[in-house]
Amino acid sequence: MPLLLLTNDDGVDAPGLKALAEELAVLGRVVIIAPDRDNSAASHSLTMRRPLHVNELAPDLYAIDGTPADCVMIGLAKILSTRPDLVVSGINPGPNLGDDINYSGTVSAAREGTLLQIPSLAVSLGAANGEECRYQVAARQAALLAAEVLTKGLPPDTLYNINVPNRPAEALKGVRYTRQGRRLYENAIQETFDPWGRRHYWIGGGTPRWSEQPETDVQAVLAGYVSVTPLHLDMTNHQALAALRDGRER
Ligand code: MN
(Lines give C-alpha, C1' and ligand atoms only; values in the text may rest on other atoms or scores of the structure.)
Protein backbone atom coordinates (compact mmCIF):
# COMPACT_ATOMS: atom_id res chain seq x y z
CA MET A 1 0.00 0.00 0.00
CA PRO A 2 1.45 3.41 -0.96
CA LEU A 3 2.56 5.76 1.80
CA LEU A 4 1.59 9.42 1.39
CA LEU A 5 3.01 12.30 3.39
CA LEU A 6 0.48 15.11 3.57
CA THR A 7 1.43 18.61 4.70
CA ASN A 8 0.39 22.23 4.12
CA ASP A 9 1.26 25.80 5.05
CA ASP A 10 -2.03 26.77 6.70
CA GLY A 11 -1.58 24.63 9.79
CA VAL A 12 -2.68 21.20 10.92
CA ASP A 13 -6.28 22.33 11.63
CA ALA A 14 -6.90 23.80 8.17
CA PRO A 15 -10.04 22.56 6.38
CA GLY A 16 -8.16 22.16 3.07
CA LEU A 17 -5.81 19.64 4.70
CA LYS A 18 -8.71 17.63 6.09
CA ALA A 19 -10.53 17.48 2.75
CA LEU A 20 -7.36 16.35 0.98
CA ALA A 21 -6.61 13.69 3.62
CA GLU A 22 -10.06 12.16 3.11
CA GLU A 23 -9.68 11.92 -0.67
CA LEU A 24 -6.08 10.65 -0.57
CA ALA A 25 -7.01 7.89 1.89
CA VAL A 26 -8.42 5.83 -1.01
CA LEU A 27 -4.92 5.73 -2.54
CA GLY A 28 -2.95 4.54 0.49
CA ARG A 29 -1.90 5.29 4.04
CA VAL A 30 -1.88 9.04 4.65
CA VAL A 31 0.42 10.45 7.34
CA ILE A 32 -0.17 14.13 8.11
CA ILE A 33 2.89 16.09 9.25
CA ALA A 34 1.99 19.77 9.22
CA PRO A 35 2.88 23.07 10.89
CA ASP A 36 1.03 23.67 14.16
CA ARG A 37 -0.13 27.11 12.93
CA ASP A 38 -0.54 29.22 9.79
CA ASN A 39 2.73 29.52 7.86
CA SER A 40 1.40 31.05 4.66
CA ALA A 41 4.10 32.87 2.64
CA ALA A 42 6.82 31.08 4.65
CA SER A 43 8.31 30.07 1.32
CA HIS A 44 11.09 27.48 1.67
CA SER A 45 12.46 28.71 5.00
CA LEU A 46 13.92 26.33 7.57
CA THR A 47 13.88 26.90 11.33
CA MET A 48 17.51 26.88 12.45
CA ARG A 49 17.75 29.18 15.49
CA ARG A 50 15.62 27.12 17.87
CA PRO A 51 14.80 23.43 18.33
CA LEU A 52 11.67 21.92 16.78
CA HIS A 53 9.03 19.98 18.69
CA VAL A 54 6.96 17.18 17.14
CA ASN A 55 3.51 16.71 18.71
CA GLU A 56 1.72 13.43 17.90
CA LEU A 57 -1.94 14.46 18.01
CA ALA A 58 -3.34 11.08 16.90
CA PRO A 59 -2.07 8.05 14.96
CA ASP A 60 -0.62 9.34 11.65
CA LEU A 61 -1.27 12.96 12.63
CA TYR A 62 1.67 15.15 13.68
CA ALA A 63 2.06 18.87 14.27
CA ILE A 64 5.46 20.58 14.26
CA ASP A 65 6.16 24.11 15.53
CA GLY A 66 8.01 24.92 12.33
CA THR A 67 7.65 25.72 8.64
CA PRO A 68 6.24 23.54 5.84
CA ALA A 69 9.79 22.71 4.66
CA ASP A 70 10.73 21.76 8.27
CA CYS A 71 7.75 19.36 8.33
CA VAL A 72 8.81 17.53 5.16
CA MET A 73 12.45 17.38 6.21
CA ILE A 74 11.77 16.17 9.79
CA GLY A 75 8.94 13.94 8.62
CA LEU A 76 11.09 12.02 6.17
CA ALA A 77 14.14 11.79 8.40
CA LYS A 78 12.63 11.23 11.83
CA ILE A 79 8.91 10.38 11.80
CA LEU A 80 8.27 8.03 8.88
CA SER A 81 9.99 4.66 9.10
CA THR A 82 9.92 4.18 5.31
CA ARG A 83 10.21 6.68 2.47
CA PRO A 84 6.82 7.92 1.26
CA ASP A 85 5.71 7.26 -2.32
CA LEU A 86 4.28 10.75 -2.59
CA VAL A 87 4.41 14.11 -0.82
CA VAL A 88 1.26 16.23 -1.15
CA SER A 89 0.94 19.80 0.12
CA GLY A 90 -2.37 21.64 0.51
CA ILE A 91 -5.06 22.45 -0.11
CA ASN A 92 -4.19 26.12 0.11
CA PRO A 93 -7.37 28.27 0.22
CA GLY A 94 -5.97 30.79 -2.29
CA PRO A 95 -4.28 30.23 -5.65
CA ASN A 96 -0.51 29.83 -6.05
CA LEU A 97 -0.01 31.14 -9.55
CA GLY A 98 2.76 32.88 -11.43
CA ASP A 99 5.20 34.89 -9.34
CA ASP A 100 3.40 34.02 -6.10
CA ILE A 101 5.03 30.57 -6.26
CA ASN A 102 8.18 32.23 -4.93
CA TYR A 103 6.52 33.11 -1.61
CA SER A 104 4.33 30.05 -1.24
CA GLY A 105 4.80 27.70 1.70
CA THR A 106 2.45 25.23 -0.02
CA VAL A 107 4.64 24.99 -3.12
CA SER A 108 7.86 24.97 -1.08
CA ALA A 109 6.79 21.95 0.95
CA ALA A 110 6.35 20.06 -2.34
CA ARG A 111 9.68 21.42 -3.55
CA GLU A 112 11.34 20.06 -0.40
CA GLY A 113 9.83 16.65 -1.19
CA THR A 114 11.29 16.88 -4.70
CA LEU A 115 14.71 17.83 -3.29
CA LEU A 116 14.49 14.67 -1.21
CA GLN A 117 13.64 12.76 -4.41
CA ILE A 118 10.02 11.94 -3.61
CA PRO A 119 7.37 12.71 -6.28
CA SER A 120 5.57 15.77 -4.91
CA LEU A 121 2.44 17.81 -5.58
CA ALA A 122 1.30 21.23 -4.36
CA VAL A 123 -2.46 21.82 -4.42
CA SER A 124 -4.16 25.21 -4.24
CA LEU A 125 -7.71 26.43 -4.69
CA GLY A 126 -8.34 29.47 -6.87
CA ALA A 127 -10.67 31.12 -4.39
CA ALA A 128 -10.72 34.90 -3.98
CA ASN A 129 -10.51 36.48 -0.52
CA GLY A 130 -13.71 35.82 1.45
CA GLU A 131 -15.13 33.39 -1.11
CA GLU A 132 -16.45 30.06 0.16
CA CYS A 133 -13.89 27.35 -0.63
CA ARG A 134 -14.94 24.22 -2.51
CA TYR A 135 -12.27 22.03 -0.95
CA GLN A 136 -14.05 18.74 -1.77
CA VAL A 137 -13.98 19.48 -5.47
CA ALA A 138 -10.27 20.39 -5.42
CA ALA A 139 -9.44 17.38 -3.24
CA ARG A 140 -11.06 15.03 -5.75
CA GLN A 141 -9.10 16.57 -8.63
CA ALA A 142 -5.87 16.35 -6.60
CA ALA A 143 -6.50 12.69 -5.79
CA LEU A 144 -7.00 11.86 -9.48
CA LEU A 145 -3.67 13.50 -10.34
CA ALA A 146 -1.99 11.86 -7.32
CA ALA A 147 -3.17 8.42 -8.51
CA GLU A 148 -1.68 9.13 -11.92
CA VAL A 149 1.65 10.23 -10.41
CA LEU A 150 1.75 7.14 -8.18
CA THR A 151 1.61 4.91 -11.26
CA LYS A 152 3.52 6.99 -13.83
CA GLY A 153 5.91 8.99 -11.61
CA LEU A 154 7.18 12.48 -12.44
CA PRO A 155 10.08 13.71 -14.60
CA PRO A 156 13.34 14.06 -12.62
CA ASP A 157 13.66 17.08 -10.31
CA THR A 158 10.10 18.11 -11.14
CA LEU A 159 7.06 18.83 -8.98
CA TYR A 160 3.46 19.56 -9.93
CA ASN A 161 1.97 22.89 -8.97
CA ILE A 162 -1.77 22.23 -9.14
CA ASN A 163 -4.36 25.01 -9.02
CA VAL A 164 -8.06 24.16 -9.08
CA PRO A 165 -10.66 26.84 -9.94
CA ASN A 166 -13.15 27.39 -7.09
CA ARG A 167 -16.14 26.00 -8.98
CA PRO A 168 -18.64 23.16 -8.66
CA ALA A 169 -17.25 19.91 -10.11
CA GLU A 170 -19.58 20.07 -13.13
CA ALA A 171 -18.28 23.54 -14.02
CA LEU A 172 -14.64 22.39 -14.29
CA LYS A 173 -13.57 22.14 -17.92
CA GLY A 174 -10.76 19.61 -17.51
CA VAL A 175 -7.01 19.60 -16.90
CA ARG A 176 -4.51 21.85 -18.67
CA TYR A 177 -0.74 21.51 -18.48
CA THR A 178 0.61 25.03 -18.18
CA ARG A 179 3.66 27.25 -17.73
CA GLN A 180 4.19 29.70 -14.90
CA GLY A 181 2.49 33.05 -15.50
CA ARG A 182 3.18 36.58 -14.27
CA ARG A 183 1.58 38.80 -11.68
CA LEU A 184 1.34 42.46 -12.64
CA TYR A 185 2.86 45.01 -10.31
CA GLU A 186 0.56 45.91 -7.47
CA ASN A 187 1.18 48.04 -4.42
CA ALA A 188 -0.07 45.66 -1.70
CA ILE A 189 1.51 47.36 1.28
CA GLN A 190 -0.88 49.01 3.71
CA GLU A 191 0.39 51.97 5.69
CA THR A 192 -1.03 52.02 9.22
CA PHE A 193 -0.53 53.98 12.44
CA ASP A 194 -0.54 52.59 15.96
CA PRO A 195 -2.26 54.38 18.90
CA TRP A 196 0.97 56.35 19.50
CA GLY A 197 1.05 57.66 15.96
CA ARG A 198 3.94 55.50 14.84
CA ARG A 199 3.90 54.50 11.20
CA HIS A 200 3.82 50.80 10.28
CA TYR A 201 3.61 48.79 7.10
CA TRP A 202 1.50 45.72 6.57
CA ILE A 203 2.24 43.54 3.54
CA GLY A 204 -0.79 41.91 1.93
CA GLY A 205 -4.34 42.61 0.84
CA GLY A 206 -5.26 44.23 -2.41
CA THR A 207 -6.63 42.46 -5.46
CA PRO A 208 -3.97 40.80 -7.59
CA ARG A 209 -3.93 41.55 -11.29
CA TRP A 210 -2.55 38.99 -13.68
CA SER A 211 -0.97 39.10 -17.07
CA GLU A 212 -3.20 36.80 -19.12
CA GLN A 213 -0.58 35.24 -21.35
CA PRO A 214 -1.53 32.09 -23.28
CA GLU A 215 -0.63 28.64 -21.93
CA THR A 216 -0.13 29.96 -18.39
CA ASP A 217 -1.42 28.75 -15.02
CA VAL A 218 -3.21 32.09 -14.61
CA GLN A 219 -5.10 31.81 -17.89
CA ALA A 220 -6.08 28.17 -17.35
CA VAL A 221 -7.61 28.81 -13.91
CA LEU A 222 -9.45 31.92 -15.13
CA ALA A 223 -10.88 29.83 -17.99
CA GLY A 224 -12.11 27.13 -15.57
CA TYR A 225 -9.43 24.48 -16.09
CA VAL A 226 -7.43 22.63 -13.45
CA SER A 227 -3.90 23.96 -14.02
CA VAL A 228 -0.93 21.61 -13.66
CA THR A 229 2.46 23.31 -13.97
CA PRO A 230 5.54 21.08 -13.92
CA LEU A 231 8.09 23.08 -11.90
CA HIS A 232 11.77 22.30 -12.16
CA LEU A 233 14.33 22.50 -9.34
CA ASP A 234 16.90 23.91 -11.75
CA MET A 235 16.32 27.68 -11.85
CA THR A 236 19.13 28.28 -14.36
CA ASN A 237 18.19 30.35 -17.40
CA HIS A 238 19.75 27.95 -19.90
CA GLN A 239 19.20 30.29 -22.85
CA ALA A 240 21.10 33.06 -21.03
CA LEU A 241 23.80 30.62 -19.99
CA ALA A 242 24.40 29.53 -23.58
CA ALA A 243 24.51 33.18 -24.71
CA LEU A 244 26.96 34.10 -21.93
CA ARG A 245 29.25 31.23 -22.83
CA ASP A 246 29.17 32.15 -26.51
CA GLY A 247 29.82 35.81 -25.72
CA ARG A 248 26.67 36.69 -27.67
CA GLU A 249 24.34 39.63 -27.09
CA ARG A 250 21.71 38.93 -24.46
MN1 MN B 1 -1.55 29.17 2.93
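The values are calculated or read from the model by the stated rules, or taken from the named source; none is laboratory data. Nothing here was measured: the structure is a model prediction, and the numbers come from that model. Virtual Cβ from ideal backbone geometry, glycine too; neighbours counted across all protein chains shown. In case anyone asks, the SASA skips ligands and DNA or RNA and just uses the protein heavy atoms, side chains included. Shrake-Rupley method; radii C 1.70, N 1.55, O 1.52, S 1.80 Å.
From the square roots a ≥ b ≥ c of the eigenvalues of the alpha-carbon gyration tensor of the range 1-99, which class results: rounded (a/c under 1.5), prolate (a/b over b/c), or oblate? It comes out oblate by the Cα gyration axes. Of the chymotrypsin sites (Phe, Trp or Tyr not before Pro) in the range 161-229, the ones in a loop by DSSP (not H, G, I, E or B) with at most 14 other beta carbons within 10 Å are Y185, W196.
Counting only residues at least eight positions apart within a chain, or on another chain, the lysines with an alpha carbon under 27 Å from that of K78 are K18.
Enter the accessible area per residue of the chain (Å², integer; probe 1.4 Å; all protein chains in place). Averaged over the residues of the chain, the accessible area is 54 Å². DSSP beta bridges fully contained in the chain are about 40 percent antiparallel.
Provide the percentage of antiparallel DSSP beta bridges, counting only those with both residues in the range 1-121; round to the nearest 5.
Details: 4 of 18 bridges.
Among the beta bridges of the range 1-121, antiparallel pairing accounts for roughly 20 percent.
In a DSSP loop and with at most 13 other Cβ atoms within 10 Å, the trypsin sites (Lys or Arg not before Pro) in the range 1-45 are R37. Once you've got the GNM for the chain with C-alpha springs shorter than 10 Å, pick whichever of G105, G66, G204 has the biggest mean-square fluctuation. Top of the fluctuation ranking is G204. Taking the Kirkwood radius as Rh and the Cα radius of gyration as Rg, the chain has a ratio of Rg/Rh equal to 0.99.
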